[in-house]
Each structure stands twice: as C-alpha cells, then as structure tokens.
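This report refers to the structure that appears directly beneath it.
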Amino acid sequence: MLQLFRQSTRHNLFDVCGLKENSPFQIDGNLGGPTGLIEMLVQSHDGVVRLLPALPQAWPEGKFGGLRARGGLEIDLEWKDGKATTATLRANLNRTHTVAAPKGQTIASVTESGRKIEPVASAEGRVQLEVKAGRSYRMSFS
C-alpha cells in the first residue's frame, strides 16, 4: 500500500501508471487502493463481519463511518491505542450476522435504542447478532 502512495499517487490522489510527470491515469490503482484500505478496517467474507482485521500500527487511533459489509450492514467504528472502542451497525435487512471482534478483543456489550441485547456468543470472540432493518446496534469492546 505504501508503494502505491509513494510511487504512483499524484497530489490529487489519482493513481497513475509510471513515474513520469505525464503518466496516464490507472483505474486499477484508483479502485484497488481504496478497496485495500477498506479491507484493513472491515472484512465481510464467508459469512463473518470482521472489525479491524488488519489495522496498521501506523494508525493507533481513528474512526470511520459508513463502510458497508455484506448482508446489508453499514458500520461506523472508533479505535484508540490500536483497540476498537465502539462500533455502530445500521441494518438494512432483517438478518443474523456473525460479527468478529478485533484480534485480542471481545465484544463487551451490544445495545439497540439504549436497551441491552444478549447476542449469542460463538468461538474466537465472535457473536451471532440478529438485526432488524432500520435499526442501529451499538457495540463496545474489551
């Protein structure tokens, strides 16, 4: 990822093919680069939504909003000292999701409209969370 930014990304954040000043615009870097960054923050493959699966040490704190996961989830998340603090999941579909906490963390609590929800715990810091379209779910981590 660093090579993409260092060698072929212009000041306007467009990726180009080559190192010359007039190098042509390159679509795979312009679409693949941001996708790679998003995959470091949220992954949703094989029926599991993974939060901060590959957070780089260079980003000890931060937040994102509005990232989409498979199955109709929109996710906002904040982290500090390399650890997730809170996440909000907005459901667009009625569905049960498997959500994995960041490595070394667990999902401490889940609330919906201020009401505590007891998701079904499963292996490896994962929970099964049944969501309803139009509702938001707030997670905290330990």
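Every number here is computed from the coordinates shown, using simple stated rules; none is lab data. Computed from a predicted model, the values in this text were never measured in an experiment. Heads up, the Cβs are rebuilt from the backbone with ideal geometry, glycines too, and the neighbour counts pull from every protein chain shown.
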Relative counts (whole %) of C-alpha pair distances in the stretch 78-142, using bins that are 5 Å wide: 4, 18, 29, 26, 16, 6, 1
Counting as exposed only GluC sites (Glu not before Pro) in DSSP loop states with no more than 15 other Cβ atoms inside 10 Å, the longest exposed-site-free span of the chain is 62-123
Thr85's amide H: which non-local residues (gap 5+, or another chain) put their own amide H closer than 5 Å, with H modeled 1.01 Å from N in plane and none for Pro or chain starts? Glu78, Trp79, Lys80
Within the chain: Cβ-based charge dipole about Cα centre, in debye rounded to nearest 20 (Lys, Arg +1; Asp, Glu -1): 300
Which label marks the calculated value of Rg/Rh (Cα atoms, Kirkwood Rh), given the options (i) 1.58; (ii) 0.97; (iii) 1.07? (iii)
Could you tell me the relative contact order of the stretch 17-142? Use alpha-carbon pairs under 8 Å, at least six residues apart, and round to a whole percent. 21
Give a residue-ordered list of calculated ³J(HN,Hα) values for the stretch 87-103 (Karplus: 6.51 cos²θ - 1.76 cosθ + 1.60, θ = phi - 60°; whole Hz; x for Gly, Pro). 9, 10, 10, 9, 8, 9, 9, 6, 5, 9, 10, 9, 10, 9, 5, x, 3
Principal-axis tilt of helix 27-41 within the chain, Cα atoms, nearest 10 degrees: 30
What does the charge count around Ser8 come to, taking other residues whose C-beta lies under 14 Å from its C-beta (Lys +1, Arg +1, Asp -1, Glu -1)? 0
Mind checking which lysines have their Cα closer than 27 Å to the Cα of Lys83? Skip sequence neighbours fewer than 8 apart in that chain. Lys63, Lys103, Lys116
In deg cm²/dmol and to the nearest 500, what is the mean residue ellipticity at 222 nm of the chain if only DSSP H runs of at least 4 residues count, each as -39500 (n - 2.57), divided by the residue total? -4500 deg cm²/dmol
Between the stretch 25-59 and the stretch 69-126, the Cα center-to-center distance that results, in Å: 18
